[in-house]
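First up is the structure itself, then whatever we jot down about it.
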Amino acid sequence: MRISEINNAPTLSVHVGYDDAAVFGREMTAFIAECNATHVFLRKKIGAADYNTVNDILAFVQSGTFLLNANTLSPVLQKFFSRLSPTATEKLSQAIIAAFSAIGEKKPCNDSFKRNAFVRVIFGLQSVFSPVLENTGPFFYEGELNKYDFITINILALMGISGNIVCFKHDGADFVVNPLFNVNNGRIKSEIEFALPKKPALSNRNIGLNFIPGTDIEDAVSLLKSVIERDNGNFISVQINGAGAVEKFKLAANKFYLSAKTNGGAYVIDESFGNPTYDEMQNFDAGGFSDKTIDALINTFPALRNTDFPLRFKQAAEEVLAVYAQKANAEKVFKLWLCRLRSVFETRPSVIIIWRTLPNRVMDFLSCLESLPVNIIHFSPNAEPSFSESALKFSAGQVSDEKFGFPYKANKLAGYSTVALQAQQEIRQVLSGDATRSYQMRQFSAINPVVLKTTFEEIDIIWREPAKFRPTFTTAGGVVTIPSIFAKINGVDGDVNDYLFGIKSKITPETLLLQKFPFITSAIDGAAVNFFKQIYYNEAIDAEKLKKSSYYRYNLFSDETQNVILKGISDFIKNDWFIKERASHVYDILEVLFRMPPQVLQMIHNFSFTETVPKVVVFNSTDKPCEAADCILITFLKSLGFDVIMYIPTGYRVVEQHITSTLFQTIDIGACRFDLTQADVTRAVARKGNPLKNLFKRSNKS
């Protein structure tokens, strides 16, 4: 089938059969390429508008009788279609008014229908058809349409924009030509039906589900339950964002889980799902999504036999896998996860609950589950990215910074807490936040360390300031941005004793002093490398396997501290802070950071991210560069938000061989000194003299 044939075809269904999926794929690639030469080809589905967009659109439409005219429509077009020319905007306005005026002429409909249609139409025109509005077509739109979308197509036709609607359908699928295609201005042809297994039809999910803005979390969960229990052959994909009142959110989530478990079964996928272990990967066969995968899926879902659901899943998975560079390995992981879930799916649960947002590859895999006959509910208290673009979004209230697991057993005693405890919680909620700079201990677990560049003189001022009072500090989105110092000080300013005592004055109870090198030695061997290969793969640490090994020494610390360390190590390996000298640099990093001294671990454990910033002071007066292991430790602590100052009186490049120099600030304060190899900053004492001598001392160091 070629685009020229479709353009010359009558406005009836066009059937194209195929026997070989690979041949069809090549044909479709050629078809799309040819189409793009003359048309605007649109494959993006018309999804549901999010909560904020719905409110933005409805803000321009009165709550009573739905009346649409040029005056009420003008601010909507200005907000959502500001890039259109005045002529195109006028055309769009007239077309929308004409299309909505025709609604209800043949079949009566209420204002609620018109209002919902208006939201869907404005959102569809802005999110999907804006290229057509700007270029005035013609276009090909590939996808299924609902009753509201036909109004959108009619508006395009009234604007004089021609196009085709292309639907990929499997053999025997119902095909209906909608009468709204009978328009005069633009030439809109009927759907072009390809007789082949269609892509996962996500648009038929969420039927009968509609959240009214402001719906309470308990009412929303009740609506989900009723739609699922109705079991009308349709399935839903919903993401619930924000926890609002946390205890209420927990109770509602647990109530929904228990109800779903009783009525058809429920399965929760949370952080424990994780990446496959090393043993799993070693003992699992490789290969892509072949016919054997389809057979396994049919065995998993006996009810799927003689349906197109298994093939839908295969097509969805192949589409997701196409973006992975190491496709073969990703296919292996996907198949392994499918086998993991097989025992769960043998009973065909009615609901899969996704808790929070998991690693990207896990979420990509879960997005493929939409092509299977199961309801999917994504509870996201932190409003993190969804597993699916097509999932219907519901706001449960303000985003919660609190980290908590899925509430299998909700706290039934929450309603019986003492008045004093309730008052304390309410006061903390009111007083905590950026406005008051008052935070609870360990209130946050996500960090974003940034380098705070300043002058040499100002370092003394900032050095003892809590993080929350420093410039650029914020806790937006539940992530603490920690502005900290990372500076190399070259040379000596004036008197040597004053210089050394100035360094000593920087040493606080929360400071790690490094002046004898090496501070930490590298002792990596073949056995360690083999172990690291088992716990670090696919750019992630297998925390579960690591924690079970005798090599892991951090079990004594809280889960929060362990998570900070393990996530910090994973992020540190991925960034470019440490210069990679050899292929095994990853194992060098792991070897050093999995045996940090107790003093360092205690500093990490006490760091709340908002208060006192722990510090590292380096003093190297020799001509010997710092070892790689020491540089790994220094830069890792900086990546956690520590303050780091490196005093190098010689001005030599003693750290640049291992640490990327653009990451820290270099400040020259005076002449280089090479006679301080025996100096010890811990023994420096303050000189007696005129206390005003240095008060008015001028300096241009920066």
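The values are calculated or read from the model by the stated rules, or taken from the named source; none is laboratory data. Because the structure is a prediction, the values reported are computed rather than measured. Here the Cβ is made from the backbone with ideal geometry for all residues, glycine too, and neighbour counts use every protein chain on show. To get the accessible areas, we keep the full protein, side chains included, count just its heavy atoms, and leave off ligands, DNA and RNA. Shrake-Rupley method; radii C 1.70, N 1.55, O 1.52, S 1.80 Å.
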message: For segment 237-274, give me the residue count where each residue is acidic (Asp, Glu) and buried (at least 17 other Cβ atoms within 10 Å of the Cβ).
response: 0
query: Within the set of pairs 6 or more residues apart or between chains, which connect a residue that is more than 19 Å from Leu224 (Cβ to Cβ) inside segment 359-382 to a residue that is polar (S, T, N, Q) with Cβ atoms less than 6 Å apart?
result: Ser367/Ser388
query: surrounded by 19 or more Cβ atoms within 10 Å (Cβ to Cβ), closer than 18 Å to Val655 by Cβ and out of contact with any strand residue (DSSP E or B) (no Cβ under 6 Å at 6 or more places or on another chain): does that describe Asp542?
result: no
- prompt: Applying the selection to segment 509-535, what residues are open to solvent by less than 30 Å² (accessible area, probe 1.4 Å) and at pLDDT below 90?
  reply: Ile520, Ala528, Phe532, Ile535
Pick from segment 540-559, criterion of a type in the set (A, V, I, L, M, F, W, C) and under 28 Å from the mean Cα position of the chain (by Cα), ranking: nearest to Gly405 (Cα to Cα): Ala543
query: Which residues, counting only those in segment 192-238, are of a type in the set (A, V, I, L, M, F, W, C), in a helix (DSSP H, G or I) and modelled with pLDDT under 65?
result: Leu202
task: Kindly establish whether Ser112 is touching a Pro at 6+ places or on another chain (Cβ under 7 Å) and without any contact (Cβ under 8 Å) to a residue 40 or more places away in the chain.
output: no
- request: Confirm whether Arg83 is more than 23 Å from Cys35 (Cβ to Cβ), in contact (Cβ under 8 Å) with a residue 40 or more places away in the chain and open to solvent by 50 Å² or more (accessible area, probe 1.4 Å).
  value: yes
Of the criteria (1) under 30 Å from the mean Cα position of the chain (by Cα); (2) farther than 13 Å from Ile151 by Cβ; (3) assigned to a helix (DSSP H, G or I), which one Glu90 fails: (1)
message: Can you tell me which of (1) farther than 18 Å from Ala117 by Cβ; (2) modelled with pLDDT under 85 is the one Ser101 doesn't meet?
response: (1)
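Within segment 602-625, can you find the residues that are under 30 Å from Ser550 (Cβ atoms) and either in contact (Cβ under 8 Å) with a residue 60 or more places away in the chain or in contact with a Phe, Trp or Tyr (Cβ under 7 Å, 6 or more places away or on another chain) (or both)?
Step one: filter segment 602-625 for residues under 30 Å from Ser550 (Cβ atoms), giving 602-607, 614, 616.
Result: Met603, His605, Asn606, Pro614, Val616.
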- prompt: Any idea which of Phe387, Phe404, Phe379 is buried (at least 22 other Cβ atoms within 10 Å of the Cβ), outside any strand (DSSP E or B), among the aromatic types (Phe, Trp, Tyr) and at negative phi?
  reply: Phe387
query: When you scan segment 606-702 for strands (runs of 3 or more DSSP E) that lie fully inside it, which ones turn up with 1 or more residues that are at pLDDT 90 or above and under 30 Å from Leu556 (Cα atoms)?
result: 615-619, 643-648
field: Subset of segment 439-479 (residues that are aromatic (Phe, Trp, Tyr) and open to solvent by 70 Å² or more (accessible area, probe 1.4 Å))
entry: Phe469
Unmet criterion (only one of (1) closer than 16 Å to Asn375 by Cα; (2) within 28 Å of the chain's Cα centre (by Cα); (3) assigned to a helix (DSSP H, G or I); (4) at pLDDT below 75) for Glu280: (1)
query: So which residues in segment 474-484 are under 25 Å from Ile659 (Cα atoms) and out of contact with any helix residue (DSSP H, G or I) (no Cβ under 6 Å at 6 or more places or on another chain)?
result: Val480, Thr481, Pro483, Ser484
